[in-house]
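S.K.: Just dropping this structure here.
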Amino acid sequence: MKRALVIVLDSVGCGAAKDAADYGDEGADTLGHLFEREGLELPNLAKLGLGSSASYPNAASAIMSEASAGKDTTTGHWELAGCVLEQAFDTFESFPQDLLDEIGGPFLGNKAASGTEILTELGEEHLRTGHPIVYTSADSVLQLAAHEERYGLEKLWALCHQAREVLDKRGIRIGRVIARPFLGDSAASFKRTSNRHDYSLMPPETVLNRLQAVGVETIGVGKISDIFAGAGISESHPTKSNADGMAVIEKLWAEQRPQPHLIFANLVDFDMLFGHRRDPAGYAQCLREFDAWLGGFLPKVGEDFLLITADHGNDPYHHGTDHTRERVPLLTANAPVPPVDSADFTQVARLLERHFA
């Protein structure tokens, strides 16, 4: 029985990509700035080679550069799974009115905005009118926010599903439609909940499909199934936080399933709670918590294949609130061959296929 574990630390980049200036991200360095300015120490990731020579048995590390156009979650994950996008997803400052009419409206907002700021601005009007809030960002997303109780979670999810269908019918290549439910009764108390749901564009064939075809179970943890629109995913375990995701990883790893399987996990708190909110102290603490968990998990890896990486950057010291175009670390234990420095993200897919060959 062969198995592998891939953990994506969402947005944990390690320095500006060569083309970062093309994205307005020159000088971005998520990890570098956190190490420098927050006194960050990550001893267990260091054992796998982060910022130092690997000391864990059969560990090796590299730095990868994204080949695809874009810097969003979907693009990064699809490339990790072997799919390079030469054309970036569509982005908008606001959405055409006829598109919103077809989705269902009326809506509030319809502009690029921070997810927390727009709740402060329009949340109370949403409660008065019952109209959902639509907004976007520099990423290829159409986000719909509504009160989880007053509007209804199932109703919000159905509206997002409708939006995905309309976009696909029109051939508009928006990477994700995102449901953003929130609770609270005033601008001072509004808070997004963990019942977010992503509706992704259907990906081309990826390593997940190819592994399934040869009998490997593919198990998504966190928002992996959402990112791949369920394609190539045998089993999905949504999570509410990093802590929840790490607990699910441990549970799945302890099961010792008899059939070959891949556990593919995304830990989103780095990005969602701290990168976009430009909270370096919170980001650093989130990394410390993961590193402490990793210290207890590494002895359980044994001779199985472990891979830890990221999908893009989100430097909490950078201007704005959007992702940053960065290289990402690739840390491995028991890889079938050593990872290659400066390769693109698709080497993750190649390592997985070689492991399960």
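S.K.: Answer with yes or no whether Leu142 is of a type outside the set (D, E, K, R), touching a residue at least 40 places away in the same chain (Cβ under 8 Å), in contact with a strand residue (DSSP E or B) (Cβ under 8 Å, 6 or more places away or on another chain) and in a strand (DSSP E or B). Lay out the reasoning, then the answer.
M.R.: Numbers: of a type outside the set (D, E, K, R): yes; touching a residue at least 40 places away in the same chain (Cβ under 8 Å): yes; in contact with a strand residue (DSSP E or B) (Cβ under 8 Å, 6 or more places away or on another chain): yes; in a strand (DSSP E or B): yes.
Yes.
S.K.: Can you tell which of Leu183, Leu153, Leu142 is in the same structural domain as Ala113 (by TED's automatic domain parsing), within 15 Å of Ile103 (Cα to Cα) and of a type outside the set (Ser, Thr, Tyr)?
M.R.: Details: Leu183 fails: within 15 Å of Ile103 (Cα to Cα); Leu153 fails: within 15 Å of Ile103 (Cα to Cα).
One residue alone meets the criteria, Leu142.
S.K.: Could we say that Glu250 is outside the structural domain of Ala113 (by TED's automatic domain parsing) and touching a strand residue (DSSP E or B) at 6+ places or on another chain (Cβ under 8 Å) here?
M.R.: On the way: outside the structural domain of Ala113 (by TED's automatic domain parsing): yes; touching a strand residue (DSSP E or B) at 6+ places or on another chain (Cβ under 8 Å): no.
It is false that Glu250 is outside the structural domain of Ala113 (by TED's automatic domain parsing) and touching a strand residue (DSSP E or B) at 6+ places or on another chain (Cβ under 8 Å).
S.K.: Among the listed residues Asp244, Asp271, which satisfies the condition of being free of Cβ contacts under 8 Å to residues at least 12 places away in the same chain, within 22 Å of Asp198 (Cα to Cα), among the acidic types (Asp, Glu) and not in a strand (DSSP E or B)?
M.R.: Details: Asp271 fails: free of Cβ contacts under 8 Å to residues at least 12 places away in the same chain.
Of Asp244, Asp271, the one residue that is free of Cβ contacts under 8 Å to residues at least 12 places away in the same chain, within 22 Å of Asp198 (Cα to Cα), among the acidic types (Asp, Glu) and not in a strand (DSSP E or B) is Asp244.
S.K.: Take region 29-69 and flag every residue that is in contact with a helix residue (DSSP H, G or I) (Cβ under 8 Å, 6 or more places away or on another chain) and of a type in the set (Ser, Thr, Tyr).
M.R.: Listed by number, the residues that qualify are Thr30, Ser52, Ser55, Tyr56, Ser68.
S.K.: Check Lys2, Lys47 and return the single one that is charged (D, E, K, R), touching a Pro at 6+ places or on another chain (Cβ under 8 Å) and either at pLDDT 95 or above or assigned by TED's automatic domain parsing to the domain that holds Phe305 (or both).
M.R.: On the way: Lys47 fails: touching a Pro at 6+ places or on another chain (Cβ under 8 Å).
Step by step, each of Lys2, Lys47 is checked, and only Lys2 is charged (D, E, K, R), touching a Pro at 6+ places or on another chain (Cβ under 8 Å) and either at pLDDT 95 or above or assigned by TED's automatic domain parsing to the domain that holds Phe305 (or both).
Here is a yes/no grid of residues against (1) buried (at least 16 other Cβ atoms within 10 Å of the Cβ); (2) part of a helix (DSSP H, G or I); (3) at pLDDT below 95:
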{"residue": "Arg210", "(1), (2), (3)": "yes, yes, no"}
{"residue": "Gly232", "(1), (2), (3)": "yes, no, no"}
{"residue": "Lys251", "(1), (2), (3)": "no, yes, no"}
{"residue": "Ala265", "(1), (2), (3)": "yes, no, no"}
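S.K.: Which numbered condition trips up Pro181, out of (1) surrounded by fewer than 23 Cβ atoms within 10 Å (Cβ to Cβ); (2) more than 15 Å from the chain's Cα centre (by Cα); (3) not in a strand (DSSP E or B)?
M.R.: Every listed condition holds for Pro181 apart from (3).
S.K.: Is it the case that Thr332 is in a loop (DSSP other than H, G, I, E, B), crowded, with 16+ Cβ neighbours inside 10 Å and polar (S, T, N, Q)?
M.R.: On the way: in a loop (DSSP other than H, G, I, E, B): no; crowded, with 16+ Cβ neighbours inside 10 Å: yes; polar (S, T, N, Q): yes.
Judged against the criteria, Thr332 is not a match.
S.K.: Still on this model: Quick check on this structure: which one of Gly123, Gly171, Gly152, Gly130 is closer than 26 Å to Trp78 by Cα and of a type outside the set (Asp, Glu)? Break it down stepwise before answering.
M.R.: Details: Gly123 fails: closer than 26 Å to Trp78 by Cα; Gly152 fails: closer than 26 Å to Trp78 by Cα; Gly130 fails: closer than 26 Å to Trp78 by Cα.
Exactly one of Gly123, Gly171, Gly152, Gly130 is closer than 26 Å to Trp78 by Cα and of a type outside the set (Asp, Glu), namely Gly171.
S.K.: Something else now. On the given criteria, is Thr136 among the hydroxyl-bearing types (Ser, Thr, Tyr) and free of Cβ contacts under 8 Å to residues at least 60 places away in the same chain? Full working, then the answer.
M.R.: Working: among the hydroxyl-bearing types (Ser, Thr, Tyr): yes; free of Cβ contacts under 8 Å to residues at least 60 places away in the same chain: yes.
Spelling it out, Thr136 is indeed among the hydroxyl-bearing types (Ser, Thr, Tyr) and free of Cβ contacts under 8 Å to residues at least 60 places away in the same chain.
S.K.: In region 70-104, which residues are polar (S, T, N, Q) and in contact with a helix residue (DSSP H, G or I) (Cβ under 8 Å, 6 or more places away or on another chain)? Please lay out each step first, then the result.
M.R.: To start, the set of residues in region 70-104 that are polar (S, T, N, Q) comprises 73-75, 87, 91, 94, 97.
Those that are polar (S, T, N, Q) and in contact with a helix residue (DSSP H, G or I) (Cβ under 8 Å, 6 or more places away or on another chain): Thr73, Thr74.
S.K.: Filter region 145-178 down to residues that are touching a strand residue (DSSP E or B) at 6+ places or on another chain (Cβ under 8 Å), of a type in the set (Gly, Ala, Ser) and farther than 17 Å from Ser94 by Cα and give me whichever is surrounded by the fewest Cβ atoms within 10 Å (Cβ to Cβ).
M.R.: Gly152
So that you can scan it fast, the table gives a plain yes or no per residue for (1) out of contact with any Asp or Glu (no Cβ under 7 Å at 6 or more places or on another chain); (2) over 16 Å from Leu34 (Cα atoms):
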site	(1), (2)
Glu255	yes, yes
Cys286	no, no
Asp291	yes, no
Pro299	yes, yes
Phe305	yes, yes
Asp311	no, yes
Thr324	no, no
Pro338	yes, yes
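S.K.: Checking the conditions here, which among Tyr56, Tyr135 is out of contact with any Phe, Trp or Tyr (no Cβ under 7 Å at 6 or more places or on another chain) and buried (at least 22 other Cβ atoms within 10 Å of the Cβ)?
M.R.: Values: Tyr56 fails: buried (at least 22 other Cβ atoms within 10 Å of the Cβ).
None of the others qualify; the one that does is Tyr135.
S.K.: In this structure, does Leu331 turn out to be in contact with a Ser or Thr (Cβ under 6 Å, 6 or more places away or on another chain), touching a residue at least 12 places away in the same chain (Cβ under 8 Å) and of a type in the set (A, V, I, L, M, F, W, C)? Explain how you work it out, then say what you get.
M.R.: Numbers: in contact with a Ser or Thr (Cβ under 6 Å, 6 or more places away or on another chain): yes; touching a residue at least 12 places away in the same chain (Cβ under 8 Å): yes; of a type in the set (A, V, I, L, M, F, W, C): yes.
When the stated conditions are applied, Leu331 passes them.
S.K.: Within region 1-114, which helices (runs of 4 or more DSSP H) (wholly inside it) include 1 or more residues that are over 24 Å from Arg350 (Cβ atoms)?
M.R.: Details: elements: 30-38, 43-47, 73-80, 97-103.
In region 1-114, 30-38, 43-47, 97-103 are the helices (runs of 4 or more DSSP H) which contain 1 or more residues that are over 24 Å from Arg350 (Cβ atoms).
S.K.: Oh, and also: Just one of Gly13, Gly27 is in the same structural domain as Pro299 (by TED's automatic domain parsing), crowded, with 23+ Cβ neighbours inside 10 Å, touching a residue at least 24 places away in the same chain (Cβ under 8 Å) and more than 23 Å from Gly296 (Cβ to Cβ); which is it? Steps first, answer last, please.
M.R.: Numbers: Gly27 fails: crowded, with 23+ Cβ neighbours inside 10 Å.
Being in the same structural domain as Pro299 (by TED's automatic domain parsing), crowded, with 23+ Cβ neighbours inside 10 Å, touching a residue at least 24 places away in the same chain (Cβ under 8 Å) and more than 23 Å from Gly296 (Cβ to Cβ) holds for just one of Gly13, Gly27, which is Gly13.
The values are calculated or read from the model by the stated rules, or taken from the named source; none is laboratory data. Here the structure is a predicted model, which is why all the values come from computation and not from measurement. When we count neighbours, we look across all protein chains shown, and the Cβ atoms used for this are built from the backbone with ideal geometry, even at glycine.
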